[in-house]
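Novice: Attaching a single structure in structure tokens format; questions to follow.
The values are calculated or read from the model by the stated rules, or taken from the named source; none is laboratory data. Since the model is a prediction, treat every value here as computed from it, not as a measurement. Cβ: placed from backbone, ideal geometry, glycine included. Neighbour counts: every protein chain shown.
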Amino acid sequence: MLTVDHVSGGYADHPIIKDVTFSVKKGEFFGIVGPNGSGKTTLLKMISGLIPVAQGSILVNDKNITRFSKKELARTMAVLPQLTSQTFPYTVKDTIALGRYAHHNGLFQTWTETDESILQKILKQTNVERFAEASLHELSGGEQQRVFLAQALVQQPQFLLLDEPTNHLDLAHQKELLDLLKKSTAEQKMTVISIFHDLNLASLYCDRLLLLRRGQTKMLDTPIQVLTEPIIEEVYQTTVKTHPHPEVAKPQLHMMPRSELKLENNIKIDESYLVVKKEHILLKSPIPLRTLSTGICGSGVGWHSYFVICDINKAENCNDPAHDIMQRHLITHNFHPKATVGMMTAIKRDNVAFQFWRENQFSLFIVVIAGAENAINTWIFVNGKLKETAFIQAVMSAMEAKVEALKDMNIATSKTNKTADTASTDNILIAATQQGKFLSNASSTSVLVTAIRGGVYTLIKKVIRNTQ
């Protein structure tokens with residue numbers, strides 16, 4: 001375990017680190033983050049013994065680092081600095097072999113079988129075998145960084161200290177390097193302490209984060225606790241939005257460009273954007289809309305400009321998967337699949353009903369398309385700014401309105417002759433312009449929910465009467 005206990009210090013009479021305390025356990029991937037000038041590199045140099053501690057103490061396995069000899073500390077702790085343009089005319093293998101120096105006694109210690117075995121293992125582990133005999137200066141930046149990581153790993157340290165290890169690396173090399181480090185913490189129980197500028201990478205790979213501000217601890221906790229909008233905006237003095245990673249239980253930060261913050265086009269989605277044709281129903285928005293949908297294309301959460309319902313009766317090769325049919329239809333009619341929410345149903349002109357509603361803080365444009373066996377496709381366009389909870393409440397309100405409308409009209413399914421509720425082929429879309437102020441308080445959300453429920457209920461009854 002490494003313990004930093006009430007540490008202060010820096011350069012000459014200028015204390016940069018001020019009363020910082022934390023501990024890192026064996027096998028932990030620990031990240032140090034903070035704005036430029038917050039003391040990240042200074043703290044790492046103090047941990048590695050390059051800068052003396054003015055006050056407090058740094059303990060490695062309960063032993064103060066000042067009591068370690070240089071070689072003893074090198075056997076315990078390895079440092080991977082920032083990548084520089086300066087390289088030496090050594091081969092890759094010779095460069096990595098230098099890392100074994102800490103385990104040798106005297107100036108002319110012979111190379112042993114143990115050294116060679118460890119070297120070959122690390123060459124393979126870091127995937128540098130193929131250019132082991134190449135000169136270091138011939139390699140790319142990403143390859144050089146892997147070589148220096150191998151040099152650190154060949155020391156077999158308990159602790160690995162890294163100063164922005166992904167600096168100047170492309171996306172693939174960043175992932176490759178960090179995956180290897182994460183694997184080392186899991187399999188070899190090596191402790192990794194790393195400085196990060198990229199908060200999203202720090203979130204994905206680190207178990208805990210130390211957030212520094214002006215040399216002091218602002219926050220010390222898991223990424224989900226540290227990387228919150230209020231804390232990051234306070235420390236970094238910039239506007240961000242947090243959102244969970246789609247595959248990993250870690251938060252991700254999104255910057256907000258100033259141009260987007262001030263963008264207000266006052267677009268109102270209404271019937272003027274709706275086109276009903278034999279082959280499909282289309283609404284083309286002049287701006288991308290924030291969407292939540294169950295469509296064949298564009299399902300889930302996203303930003304879309306085209307909203308299409310394809311007539312399944314006019315689709316070719318109906319034995320093909322619905323997604324393939326939908327994709328062909330979109331491409332044929334010059335709709336970009338990535339910008340489109342696409343649905344399918346049996347369309348008749350009388351099966352479509354739509355209406356525009358205006359409220360004080362927002363307006364609604366709702367489109368309902370009825371299909372076979374009471375399948376209902378519902379589009380709800382909100383001219384307003386919604387938070388995620390409002391999208392979910394809108395879906396719930398729309399489905400409740402459908403069930404209520406079918407019940408009130410005594411609509412039964414042909415198979416069970418029982419009152420119909422929802423069909424497996426139902427599709428729903430909630431799309432918002434995301435302009436204006438958030439409908440965030442209970443009152444405004446309540447008005448939105450009531451308007452959606454009433455609008456969907458009215459249009460479902462209307463479209464069913466038309467089909468009857």
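Novice: Can you find a residue that is at pLDDT 80 or above, in the same structural domain as Met190 (by TED's automatic domain parsing) and outside any loop (DSSP other than H, G, I, E, B) anywhere in region 100-112?
Specialist: No, region 100-112 contains no residue that is at pLDDT 80 or above, in the same structural domain as Met190 (by TED's automatic domain parsing) and outside any loop (DSSP other than H, G, I, E, B).
Novice: Here's a follow-up. So, Leu139, is that one surrounded by fewer than 19 Cβ atoms within 10 Å (Cβ to Cβ) and on the phi < 0 side of the Ramachandran plot or not?
Specialist: Yes; evaluated as a whole, the condition is true for this residue.
Novice: When region 437-468 is examined, which residues are found to be surrounded by 12 or more Cβ atoms within 10 Å (Cβ to Cβ) and among the charged types (D, E, K, R)?
Specialist: Arg453, Lys461, Lys462, listed by residue number.
Novice: Given the conditions (1) surrounded by 22 or more Cβ atoms within 10 Å (Cβ to Cβ); (2) under 21 Å from Ala202 (Cβ atoms); (3) over 31 Å from the mean Cα position of the chain (by Cα), report the number of the one that Ser48 does not fulfil.
Specialist: Failing condition for Ser48: (1).
Novice: Turning to a different aspect of this structure: What are the residues in region 18-39 that are surrounded by fewer than 20 Cβ atoms within 10 Å (Cβ to Cβ), in a strand (DSSP E or B) and small (Gly, Ala, Ser), if any?
Specialist: Passing the criteria: only Ser23.
Novice: Report yes if some residue within region 105-116 is in contact (Cβ under 8 Å) with a residue 24 or more places away in the chain and either within 15 Å of Leu180 (Cα to Cα) or more than 33 Å from the chain's Cα centre (by Cα) (or both); otherwise report no. Give the steps one after another, and end with the answer.
Specialist: So the first thing to find is which residues in region 105-116 are in contact (Cβ under 8 Å) with a residue 24 or more places away in the chain, and the list is none.
No: region 105-116 contains no residue that is in contact (Cβ under 8 Å) with a residue 24 or more places away in the chain and either within 15 Å of Leu180 (Cα to Cα) or more than 33 Å from the chain's Cα centre (by Cα) (or both).
Novice: Name the single residue that is farthest from the chain's Cα centre (by Cα) among those in region 322-363 being among the aromatic types (Phe, Trp, Tyr) and outside any strand (DSSP E or B).
Specialist: Residue satisfying both the conditions and the ranking: Phe362.
Novice: To continue, here is another question. Just need a number here: residues in region 284-300 that are free of Cβ contacts under 8 Å to residues at least 24 places away in the same chain and in contact with a helix residue (DSSP H, G or I) (Cβ under 8 Å, 6 or more places away or on another chain).
Specialist: Qualifying residue count for the region: 2.
Novice: Exactly one condition in (1) farther than 18 Å from Glu271 by Cα; (2) modelled with pLDDT of 90 or more; (3) not acidic (Asp, Glu) is false for Gly371; which is it?
Specialist: Failing condition for Gly371: (2).
Novice: Do we have any residue at all in region 418-428 that's closer than 18 Å to Leu283 by Cβ and either surrounded by 21 or more Cβ atoms within 10 Å (Cβ to Cβ) or modelled with pLDDT of 90 or more (or both)? So that I can check it myself, show each step before the final result.
Specialist: We begin by selecting, within region 418-428, every residue closer than 18 Å to Leu283 by Cβ; these are 427-428.
If we keep only those that are either surrounded by 21 or more Cβ atoms within 10 Å (Cβ to Cβ) or modelled with pLDDT of 90 or more (or both) as well, we get 427-428.
Yes, region 418-428 contains at least one residue that is closer than 18 Å to Leu283 by Cβ and either surrounded by 21 or more Cβ atoms within 10 Å (Cβ to Cβ) or modelled with pLDDT of 90 or more (or both).
Novice: Does region 143-164 contain any residue that is farther than 26 Å from Asp5 by Cα, within 21 Å of the chain's Cα centre (by Cα) and either modelled with pLDDT of 90 or more or of a type outside the set (D, E, K, R) (or both)?
Specialist: no
Novice: While we're here: For region 379-394, which positions are modelled with pLDDT of 95 or more and touching a helix residue (DSSP H, G or I) at 6+ places or on another chain (Cβ under 9 Å)?
Specialist: Matches in region 379-394: Ile380, Phe381, Val382.
Novice: Filter region 263-305 down to residues that are assigned to a loop (DSSP other than H, G, I, E, B) and either among the aliphatic types (A, V, I, L, M) or over 26 Å from Arg358 (Cβ atoms) (or both), then give me how many there are. Give the steps one after another, and end with the answer.
Specialist: Restricting attention to region 263-305, the residues satisfying the condition of being assigned to a loop (DSSP other than H, G, I, E, B) are 263-270, 277-279, 294-296, 298-299.
Next, only the ones that are either among the aliphatic types (A, V, I, L, M) or over 26 Å from Arg358 (Cβ atoms) (or both) stay: 263, 267, 269, 277-279, 294-296, 298-299.
Number of matching residues: 11.
Novice: While we're looking at this one, here's another question. Please work out which residue is surrounded by the fewest Cβ atoms within 10 Å (Cβ to Cβ), limiting yourself to region 164-204 and to residues that are out of contact with any strand residue (DSSP E or B) (no Cβ under 6 Å at 6 or more places or on another chain) and of a type in the set (Ser, Thr, Tyr).
Specialist: Ranking the candidates gives Ser184 first.
Novice: What is the one condition in (1) in a loop (DSSP other than H, G, I, E, B); (2) under 22 Å from Thr222 (Cα atoms); (3) touching a helix residue (DSSP H, G or I) at 6+ places or on another chain (Cβ under 8 Å) that Pro52 does not satisfy?
Specialist: If we test Pro52 against (1) in a loop (DSSP other than H, G, I, E, B); (2) under 22 Å from Thr222 (Cα atoms); (3) touching a helix residue (DSSP H, G or I) at 6+ places or on another chain (Cβ under 8 Å), just (2) comes out false.
Novice: So Pro165 fits all but one of (1) within 30 Å of Lys124 (Cβ to Cβ); (2) assigned to a strand (DSSP E or B); (3) not charged (D, E, K, R); what number is the exception?
Specialist: Evaluating Pro165 over (1) within 30 Å of Lys124 (Cβ to Cβ); (2) assigned to a strand (DSSP E or B); (3) not charged (D, E, K, R) leaves (2) as the failure.
Novice: Check Lys71 against each of (1) exposed (fewer than 14 other Cβ atoms within 10 Å of the Cβ); (2) of a type outside the set (A, V, I, L, M, F, W, C); (3) touching a residue at least 60 places away in the same chain (Cβ under 8 Å) and name the one condition it does not meet.
Specialist: (3)
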